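Student: Take this structure first; my questions come after.
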Amino acid sequence: MLPPAPLANRRPTMAISTRRAWAEVLGVFAMFFLASVFAAVFYSAHHNINSDSISVYEGVVAGISHLAFAAMAIVVVGSFTRLRGLSLADIGWSPPWRKHHGYGWQAFGVSMFFIAAVIASGALLHVVSPDAKYPFLPAQAWHLIYEIPHAIDAGIVEELVVVALLVTALEQARTKVWLIYLVGLTLRLSYHVYYGPGVIVFLLWAAAAIWLFRRTRRITPLIVAHIVYDSVGAFFHEMPRPPVAFTALLGWTLLGLLITIIVRAIQIAVRGR
């Protein structure tokens, strides 16, 4: 289900200086995440900088801002990628070989592995720090006006900056693989410190994202999986008693995905691939 990206179709990449690679990686990270890191630190120190409520128009503005932020991340990461002699396809955004035989299931497999890692991290977090939780405002169904755009923002910005840009830039600077993982894990955990000591279990999530990207050279499945996971989590928080029809549909969808994975695994085992 997870064949590696074809070596023959990977473009040769020019080497860049170590200084340039680190400047791009840390500079872009600071641009998009430095405020989040400080907010997470303040929150973990019991200094809540968010208000206890938000109006509808503020929610609409926040939603638009999140979508604009995600679009800006695509432009910024794409621009730096082009300056390093690569294209968006080279950082995993719709690579030309994605529809070739043997890779049709790859995106689905990447998504499922990533979601499994995130769920496992969440389960471990509940065991390690049972009181840790995401700093949601009190539940209101209309909060989805900005929570869904926030999920889109998080999926695009996090995976592009903390995975695709980081890995490709440091690889071009001939950085050792263990250092790429170390930096990637550290940056991913930095803006999640509001979960307290239990944030350490997010290493599983962060490592899975980097490993999946380095093996498959696809970032869009990680982005989609992240968006779906955050959106579903926001939905069930804002609507603790969702419509029965929606819950049933979600349950049947998950069951269908599970059956599909099992069938596909049997097919791969029988064919010896």
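Student: Report the Stokes-Einstein translational diffusion coefficient (µm² s⁻¹, integer) for the range 130-273, Rh taken as the Kirkwood radius over Cα pairs, at 20 °C with viscosity 1.002 mPa s. Please list the in-between numbers first.
Tutor: Working: Rh = 17.6 Å.
Stokes-Einstein gives a translational diffusion coefficient of 122 µm²/s.
Student: Let me ask something else about it. Taking R0 as 45 Å, what's the FRET efficiency between Ala139 and Leu182 from their Cβ-Cβ distance, rounded to 0.05?
Tutor: Numbers: r = 38 Å, r/R0 = 0.84.
The formula returns an efficiency of 0.75 here.
Student: Calculate I(q)/I(0) for the chain by the Debye formula, one identical point scatterer on each C-alpha and no solvent, and give its log10 at q = 0.08, 0.12 Å⁻¹ to two decimals.
Tutor: At q = 0.08, 0.12 Å⁻¹ the computed log10 ratios are -0.36, -0.81.
Student: Where does the charge balance sit around Trp205 when Lys and Arg score +1, Asp and Glu -1, over other residues with C-beta under 11 Å from its C-beta?
Tutor: Numbers: positive: Arg188; negative: Glu158.
Net charge around Trp205: 0.
Student: So, in nm, how far is label Ala71 from label Val244 when the simple model puts each one 7 Å beyond its Cα toward the Cβ?
Tutor: 4.2 nm
Student: Where does the charge balance sit around Ala107 when Lys and Arg score +1, Asp and Glu -1, over other residues with C-beta under 12 Å from its C-beta? Let's see the in-between values first.
Tutor: Details: positive: Arg98, Lys99, Arg217, Arg218; negative: none.
Residues close to Ala107 contribute a combined charge of +4.
Student: Taking the Cα centre of the chain as origin, sum charge times position over the Cβ atoms of Lys and Arg (+1) and Asp and Glu (-1), and report the length of that vector in debye to the nearest 20. Intermediate values should be presented prior to the final figure.
Tutor: Numbers: 20 positive and 12 negative charges, 312 e Å.
It comes to approximately 1500 debye.
Student: Using a probe radius of 1.4 Å on heavy atoms only, what accessible surface per residue do you get for the range 149-216? Whole Å² is fine.
Tutor: Numbers: 2130 Å² over 68 residues.
Solvent-accessible surface per residue comes out at 31 Å².
Student: What residue among Arg84, Arg241, Arg214 has the largest mean-square fluctuation in a Gaussian network model of the chain, using Cα springs under 10 Å?
Tutor: Greatest mean-square fluctuation among the candidates belongs to Arg241.
Student: Between Thr253 and Trp211, 0.36 nm times their residue separation minus their Cα-Cα distance comes to what? Don't skip to the answer; put the middle values down first.
Tutor: Working: separation 42, 0.36 × 42 = 15.12 nm, distance 2.68 nm.
Here the answer is 12.4 nm.
Student: If the chain between Ser79 and Leu203 were fully stretched, how many nm would it gain, using 0.36 nm times the residue separation less the Cα-Cα distance?
Tutor: Working: separation 124, 0.36 × 124 = 44.64 nm, distance 2.89 nm.
Net length gain for the segment: 41.7 nm.
Student: Right, another one. With Cβ to Cβ distances under 11 Å as the rule, what net charge do the other residues near Gly63 carry (K, R +1; D, E -1)?
Tutor: Value of the local net charge: -3.
Student: Highest mean first, how do 29-41, 246-258 rank when packing is the count of other Cβ atoms within 10 Å averaged over residues? Mind dumping the intermediate values first?
Tutor: Values: 29-41: 15.8, 246-258: 11.2.
Taking the mean over residues of other Cβ atoms within 10 Å, the ranking is 29-41, 246-258.
The values are calculated or read from the model by the stated rules, or taken from the named source; none is laboratory data. Worth saying up front: this structure is predicted, and the values here are computed from it rather than measured. Note that we place each Cβ from the backbone using ideal geometry, even for glycine, and neighbour counts take in every protein chain shown. Note: accessible area is taken over every heavy atom of the protein model, side chains too, but ligands, DNA and RNA are not part of it. Shrake-Rupley method; radii C 1.70, N 1.55, O 1.52, S 1.80 Å.
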